[in-house]
Every structure is written in structure tokens, then in C-alpha cells.
Amino acid sequence: MYSEGRWPLKYYISMPIPSRHALVLNHVAFEDIGTLEAPLRQRGFTIQTVDVATARFPLPQSESCDLLVVMGGPIGVYDRVEYPFLDAEIACIAARLAARRPILGICLGAQLIAAALGARVYPGTHGAEIGWSPIQSPSHQPAPPPWFAPLLTPGVSVLHWHGDTFDLPPGAIHIAHTDQYENQAFTIDNIALGLQFHPEVTDIGLENWYIGHACELHHAGISPVSLRSAAQQHAPTLEAAAARFWSLWLDSIL
């Protein structure tokens with residue numbers, strides 16, 4: 001019999017270690033979480049990926065999970081007649097935001113968060129932004145959160161791959177822009193993070209993008225050869241900066 005509320009050592013050894021749950025909403029399989037996966041695994045996350053085009057909404061786990069990640073894709077928020085699942089996905093995101101649970105949106109994911117908060121999402125008026133370039137901190141705003149600093153380090157370029165843009169959602173803090181498009185990143189109460197650019201990509205992973213987005217690249221007159229060359233130059237630096245960024249950001253929200 002064990003006194004003082006103590007249990008034998010073998011009990012503690014056999015106890016399962018509680019895990020966290022990340023739910024990833026995917027629009028196309030090759031636009032995956034990339035460099036975000038390792039930091040999540042290191043923090044004990046199990047990762048569940050859902051294909052939203054064929055998912056059965058509502059998704060109960062979208063509110064109960066520890067982190068909801070909404071990925072990019074080649075469609076627009078305003079394409080709801082052609083892709084009716086978008087209405088259900090936006091409602092899912094809105095419920096998550098109302099519950100004030102951590103959510104990350106990348107590219108289309110950021111636009112969907114903006115739409116769920118009532119902001120306008122629309123085709124950009126400065127053409128498609130596809131390629132590698134740095135992001136900058138807005139001069140008219142307070143300094144970005146410390147966890148964002150690795151992506152603003154001189155010498156770091158990120159991948160841009162979008163034609164749409166959005167208005168800043170109500171209550172959002174603007175934390176990044178480029179010369180071509182103003183709203184590149186925003187955060188809301190350290191709960192929601194929207195990134196128009198792609199910090200998650202890897203050099204090898206982008207090989208799938210060049211195939212999956214072949215028609216878009218052809219119509220835009222952009223060569224996969226030039227994109228591959230730029231990725232070989234910039235991706236290793238981004239991967240190192242992204243690893244620091246993901247770790248700092250995850251530690252700030254968990």
C-alpha cells in the first residue's frame with residue numbers, strides 16, 4: 001500500500017505522455033506544412049491532415065485541436081460557387097477564431113482567415129507575385145513580435161506565390177509588407193497568424209509545385225528553371241530562418 005499519494009516508479013514510466021494535436025487543412029496535397037512539421041513533432045504534436053475539398057463539415061476536431069493550420073491553394077476565396085466547400089471552411093475558421101484558439105493561415109489560408117473576420121479578399125491589382133524576395137516590417141506600425149524577427153533578417157528572402165490579396169482584418173496588427181503588396185502578414189492577439197508568403201517551403205519540396213502549378217507558370221510566362229535556380233540560392237537560408245521562426249512562434253502560443 002502506498003502512502004502520501006505516491007505511486008510506484010513503474011507506474012510513472014508506463015504512463016502515456018500527453019500529446020498535442022495539430023489539424024492541417026489542405027487544398028492541394030503538394031502544398032504541405034514543410035519546415036513546420038519538425039518543430040511540431042519536437043513539441044509532441046500529432047499531425048492530422050484533412051483534404052478540405054472532400055471533407056465532411058463541420059469538423060469537430062477543428063475547435064478542439066491545439067493548433068489549426070490552413071494551407072495554400074490555387075483557388076480564390078471568392079470562388080465559392082465553383083468550390084462550395086469554401087463556405088463551410090470559412091465557417092470552420094470563424095468558429096475557431098470565436099473560440100480564441102491558435103490558428104495559422106498560409107497564403108490562401110491567410111486570405112480565408114481574413115474573410116472569416118469580415119475583410120475583403122480580391123484579385124491583386126499589381127499582378128501575380130511569384131518568386132523570391134524579402135519582406136519588410138511596416139514603418140508606420142510598432143515593432144513586429146520578437147518571434148517574427150528571423151524572417152526579417154537581412155539576407156533572408158521568402159517565396160511568394162499568389163495573385164490575390166486582402167484588406168487587413170479588423171483588430172489585426174500588420175507585421176509585414178513587400179513593395180508589390182502591402183498586406184503580407186498579420187497577427188491578432190497572438191491567436192491568429194496570417195502569412196501571405198510561404199515560409200514553410202523547401203528546395204526539394206518545390207519540385208512538386210513546379211509540376212502542380214505548371215499551367216499557372218506557363219500563363220504567367222515564368223520559367224520553372226528560373227524558379228528552381230532562385231530556390232537553390234534562397235531556400236537553404238529561408239529553411240534555417242524558418243526553423244527559428246517556427247520554434248519562437250510555437251513557444252509563444254502554447
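The table below lists the values:
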read-out	value
Single residue of the stretch 211-254 satisfying the filter (hydrophobic (A, V, I, L, M, F, W, C) and part of a loop (DSSP other than H, G, I, E, B)) that is most open to solvent (accessible area, probe 1.4 Å)	L254
Residue check, P138 out of contact with any Phe, Trp or Tyr (no Cβ under 9 Å at 6 or more places or on another chain) and open to solvent by 20 Å² or more (accessible area, probe 1.4 Å)	no
Those residues of the stretch 186-216 which are of a type outside the set (V, I, T) and touching a strand residue (DSSP E or B) at 6+ places or on another chain (Cβ under 7 Å), in sequence order	F186, A192, L193, G194, L195, Q196, F197, H198, P199, E200
Checklist (1) over 25 Å from A220 (Cα atoms); (2) open to solvent by less than 40 Å² (accessible area, probe 1.4 Å); (3) out of contact with any Gly (no Cβ under 6 Å at 6 or more places or on another chain); (4) modelled with pLDDT of 95 or more applied to I113, failing item	(3)
I175 open to solvent by 20 Å² or more (accessible area, probe 1.4 Å) and of a type outside the set (S, T, Y)	no
Matching option when the condition is open to solvent by less than 10 Å² (accessible area, probe 1.4 Å) and touching a Pro at 6+ places or on another chain (Cβ under 7 Å), among L195, L151, L159	L151
Restricting the stretch 186-240 to residues that are under 19 Å from H27 (Cβ atoms) and among the small types (G, A, S), the residue that is nearest to the chain's Cα centre (by Cα)	G194
Residue ranges of strands (runs of 3 or more DSSP E) in the stretch 31-147 with at least 2 members closer than 17 Å to G194 by Cα	67-70, 103-106, 121-123
Evaluation of Y12 against (1) at pLDDT below 95; (2) among the aromatic types (F, W, Y); (3) assigned to a loop (DSSP other than H, G, I, E, B) (one fails), failing number	(3)
Yes/no for N208 being open to solvent by 40 Å² or more (accessible area, probe 1.4 Å) and on the phi < 0 side of the Ramachandran plot	yes
Cβ pairs under 9 Å, 6+ apart, first in the stretch 233-254 and in contact (Cβ under 8 Å) with a residue 60 or more places away in the chain and of a type in the set (S, T, N, Q), second open to solvent by 30 Å² or more (accessible area, probe 1.4 Å) and in a helix (DSSP H, G or I)	S247/Q42; S252/P146
Cβ pairs under 7 Å, 6+ apart, first in the stretch 35-49 and under 23 Å from L206 (Cβ atoms) and β-branched (V, I, T), second modelled with pLDDT of 95 or more and open to solvent by 70 Å² or more (accessible area, probe 1.4 Å)	I47/E37
Residue in the stretch 185-202 that is of a type in the set (S, T, N, Q), over 25 Å from Q232 (Cβ atoms) and at pLDDT below 95 present	yes
Unmet requirement for D189, which otherwise passes all of (1) open to solvent by 10 Å² or more (accessible area, probe 1.4 Å); (2) within 21 Å of R244 (Cβ to Cβ)	(2)
The stretch 148-177, subset in contact with a Ser or Thr (Cβ under 8 Å, 6 or more places away or on another chain) and part of a loop (DSSP other than H, G, I, E, B), residue farthest from T35 (Cα to Cα)	A172
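Per-residue answers, yes or no, for (1) of a type in the set (S, T, N, Q); (2) within 30 Å of S229 (Cβ to Cβ); (3) at pLDDT 95 or above:
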| residue | (1), (2), (3) |
| --- | --- |
| F85 | no, no, yes |
| L108 | no, yes, yes |
| P123 | no, yes, yes |
| G127 | no, yes, no |
| A149 | no, yes, yes |
| W161 | no, yes, yes |
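The values are calculated or read from the model by the stated rules, or taken from the named source; none is laboratory data. Model, not experiment: these values are computed from the prediction. A quick note on method: Cβ atoms are made from the backbone with ideal geometry, for glycine too, and the neighbour counts reach across all protein chains shown. Areas reflect the complete protein model, heavy atoms only, side chains present, ligands, DNA and RNA absent. Shrake-Rupley method; radii C 1.70, N 1.55, O 1.52, S 1.80 Å.
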